[in-house]
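A.B. asks: Let me give you the structure first, and then I'll get to my questions.
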Amino acid sequence: MPYIGRFAPSPTGPLHAGSLVAALASYLDARAYHGQWLIRIEDIDEARTVPGSAEDIISSLHDFGMQPDGDILWQSKRKSRYEQAFEQLSSLAYPCGCSRKEIADSRISLASDGAAIYPGTCRHGLIPGRSPRAWRLRVPEPDRPEDVIDIQDRWQGVFRERLSASVGDFVLKRADGFWAYQLAVVVDDAEQGITDVVRGADLLESTARQVYLQQLLGYPMPRYLHVPVVTNARGEKLSKQTGAAALDRSRPLQVLMEAANALGLNISPAKNTLQAFWEAAVPAWARRFGINE
Ligand code: GLU
């Protein structure tokens, strides 16, 4: 099967050391398989999108020698596709009138990604007098085999999640009217023919929801590889929120070497050039994952 991978940044700020590691891993995997590598700009959450940062990320990737093999997909232009997928799911979707605070106060334990597990308040209808805020997708009952999602991750190994216990009925359309990341990512991965998702391990907990959506929508399941998340000295994931600095684009080789180190790749390029970096890094990745070049 031809390999198609992708890097799917949310344009909430410039590329930083953490997002570069995810970009590098996805790029190396695609190159090791002689596959295609695509860029998708996940600007679906317009409230968080920082104007100009998508262009900045794309040009940084270019400076580091990572060129996409096809057109860049922009999620903000694909709302009608998400609407169609939502309609396909309508028999399992329901409107929810709960506020974030009410869900947090329900005292059910926290979901794996730190969000509150939805207690199912609106599952059987809105509380009288409430208006719909978000739309949620019903997850299977805890005793159903479909409730258990098993993922064989190429880095993390077997990952099992019970949808009902770990997330509960999750949001497809948000209270602010934007489509949820989970829905958009699944629709786009299928439409772009993505065979391999390579990204940060902070998204491992989203994967079961995405696999469930793939099953309901009749999409194939890609292979997954979740790379360890880069943290700062305080052990926090590098992100705009934790104050991650933009990368120094005037030192592309050093920056790439640091990202390769973070992935545990031990490489010594023959020369101090980007070309030499890629010539060393692709085979090192292939060896690490047993990919026949
Ligand atoms: N847009 C997501 C992020 O930047 C990544 C989505 C994905 O790779 O599935 O965290």
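A.B. asks: Could you check region 202-241 and list, in sequence order, the residues that are farther than 23 Å from residue 28 by Cα and among the β-branched types (Val, Ile, Thr)?
C.D. replies: If the condition is that a residue be farther than 23 Å from residue 28 by Cα and among the β-branched types (Val, Ile, Thr), then 211 is the only one that fits.
A.B. asks: Looking for whichever is surrounded by 14 or more Cβ atoms within 10 Å (Cβ to Cβ) and modelled with pLDDT under 95 here; the options are 30, 104, 17. Which one fits? Break it down stepwise before answering.
C.D. replies: Working: 30 fails: modelled with pLDDT under 95; 104 fails: surrounded by 14 or more Cβ atoms within 10 Å (Cβ to Cβ).
Selected residue: 17, the only one of 30, 104, 17 that is surrounded by 14 or more Cβ atoms within 10 Å (Cβ to Cβ) and modelled with pLDDT under 95.
A.B. asks: Let me ask another. Just name the residue that is nearest to the ligand (Cβ to nearest atom) out of those in region 181-198 that are in contact with a Leu (Cβ under 8 Å, 6 or more places away or on another chain) and open to solvent by less than 10 Å² (accessible area, probe 1.4 Å).
C.D. replies: 197
A.B. asks: Specify which of the listed residues (193, 264) is free of Cβ contacts under 8 Å to residues at least 40 places away in the same chain and under 22 Å from the mean Cα position of the chain (by Cα).
C.D. replies: Numbers: 193 fails: free of Cβ contacts under 8 Å to residues at least 40 places away in the same chain.
Sole residue among the options that is free of Cβ contacts under 8 Å to residues at least 40 places away in the same chain and under 22 Å from the mean Cα position of the chain (by Cα): 264.
A.B. asks: Within region 212-229, count every residue that is free of Cβ contacts under 8 Å to residues at least 24 places away in the same chain and within 11 Å of the ligand (Cβ to nearest atom).
C.D. replies: Of the residues in region 212-229, the ones free of Cβ contacts under 8 Å to residues at least 24 places away in the same chain are 218, 221.
After this cut, where a residue has to be within 11 Å of the ligand (Cβ to nearest atom) as well, the list is none.
Looking only at that region, the number is 0.
A.B. asks: Let me ask something else. Suppose the filter is buried (at least 24 other Cβ atoms within 10 Å of the Cβ), touching a residue at least 12 places away in the same chain (Cβ under 8 Å) and closer than 18 Å to residue 198 by Cα; does residue 22 pass it? Break it down stepwise before answering.
C.D. replies: On the way: buried (at least 24 other Cβ atoms within 10 Å of the Cβ): yes; touching a residue at least 12 places away in the same chain (Cβ under 8 Å): yes; closer than 18 Å to residue 198 by Cα: yes.
Yes; evaluated as a whole, the condition is true for this residue.
A.B. asks: Turning to a different aspect of this structure: What number of residues in region 154-170 are in contact (Cβ under 8 Å) with a residue 60 or more places away in the chain and within 16 Å of the ligand (Cβ to nearest atom)?
C.D. replies: Adding up the residues that qualify gives 3.
A.B. asks: Return the residues of region 63-84 that are more than 25 Å from residue 173 (Cβ to Cβ) and surrounded by 12 or more Cβ atoms within 10 Å (Cβ to Cβ); say none if nothing qualifies.
C.D. replies: Listed by number, the residues that qualify are 63, 64, 65, 66, 68, 69, 70.
A.B. asks: Now a separate question. Residue 87 passes all but one of (1) open to solvent by 40 Å² or more (accessible area, probe 1.4 Å); (2) modelled with pLDDT under 95; (3) farther than 30 Å from residue 27 by Cα; which number fails?
C.D. replies: Going through the list (1) open to solvent by 40 Å² or more (accessible area, probe 1.4 Å); (2) modelled with pLDDT under 95; (3) farther than 30 Å from residue 27 by Cα, residue 87 breaks only (2).
A.B. asks: Among 54, 85, which is within 13 Å of the ligand (Cβ to nearest atom), in a helix (DSSP H, G or I) and closer than 21 Å to residue 187 by Cβ?
C.D. replies: Values: 85 fails: within 13 Å of the ligand (Cβ to nearest atom).
Matching residue, one of 54, 85: 54.
A.B. asks: Right, residue 209: at pLDDT 95 or above and more than 13 Å from the ligand (Cβ to nearest atom) or not? Show your work before the answer.
C.D. replies: On the way: at pLDDT 95 or above: yes; more than 13 Å from the ligand (Cβ to nearest atom): no.
No, not satisfied.
The values are calculated or read from the model by the stated rules, or taken from the named source; none is laboratory data. The structure displayed is predicted, hence computed values, not measured ones. Quick reminder, even Gly has a Cβ in these numbers, built from the backbone with ideal geometry, and neighbours come from all protein chains shown. Ligands, DNA and RNA are stripped out before the accessible areas are found, and what is left, the full protein with its side chains, is counted by its heavy atoms. Shrake-Rupley method; radii C 1.70, N 1.55, O 1.52, S 1.80 Å.
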